[in-house]
1. Would you mind calculating the gained length between ALA44 and GLU85 on full extension (0.36 nm times residue separation, minus the Cα-Cα distance), in nm to one decimal?
2. Would you mind calculating the gained length between THR102 and ASP134 on full extension (0.36 nm times residue separation, minus the Cα-Cα distance), in nm to one decimal?
3. For the chain, take the convex hull of the Cα atoms, compute a quarter of its surface area, and give me that in nm², please.
4. May I ask you to order 52-60, 149-157, 69-77 by the average number of other C-beta atoms within 10 Å around their residues, highest value first?
5. Estimate the FRET efficiency between LYS163 and ASP28 by the formula 1/(1 + (r/R0)^6), using the beta-carbon distance for r and 30 Å for R0, to the nearest 0.05.
Amino acid sequence: MKSRADKEPDQKKLAALVREILLELGEDPDREGLRKTPARVAKAMTYLTRGYRQSVKTVVNNAYFTSGTNHMVILKNIELYSLCEHHMLPFYGSCAIGYISTGKVLGVSKLARIMDMYARRFQIQERLTEQIADAVMKETGAEGVGVVIRAKHLCMMMRGVEKQNSEMVTSAVLGTFRSDERARAEFLSLVK
Ligand code: ZN
């Protein structure tokens, strides 16, 4: 089916689908506690996937500053919530984003917004990490960009292998963070 990601989801349609899921799972969607659930789930899922209806351009909104070159800018401990595309279950943790500016600096909150835009879609952690790094590289024209995500996946914790304490760590490094061992080591030690 063609992607309809740019359109606002039809709440009535989504709610009807959630009702079907409840029925098939053996529930009675008309009992009191569940009566409003399909509409609530539709609203929640729309919110949790709002990244499909956003673009880097709109979230960054031209919030650039000029600064001296060769500064390493790092934003870490950014709270991250996403949904795994394999099970539509949450994975959550923290993200660190760093880059070495060539003069064009992004407002710090914008780094978090770029992360959020990609996180609020169905994702796998590896791709999410790369998409954030690519977007920051493209937006800032940085010398180097690094992104590290540490996350726990409910699909692993609540089902499957049921490994409650495992954490997945992914990183993406671009530009000098890839080619220059010292820059990469500095970044990785700062985000530890
Ligand atoms: Zn999963």
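Laboratory data are not the source of any read-out in this text; all were calculated from the coordinates shown. What you see is a predicted model, and the numbers here were worked out from it, not measured in a lab. Glycine also receives a Cβ, built like all others from the backbone with ideal geometry; neighbour counts cover every protein chain displayed.
1. 13.1 nm
2. That works out to 9.9 nm of additional length.
3. Averaged projected hull area, Cα only: 12.9 nm².
4. 149-157, 52-60, 69-77
5. That pair, LYS163 with ASP28, gives E of 0.30.
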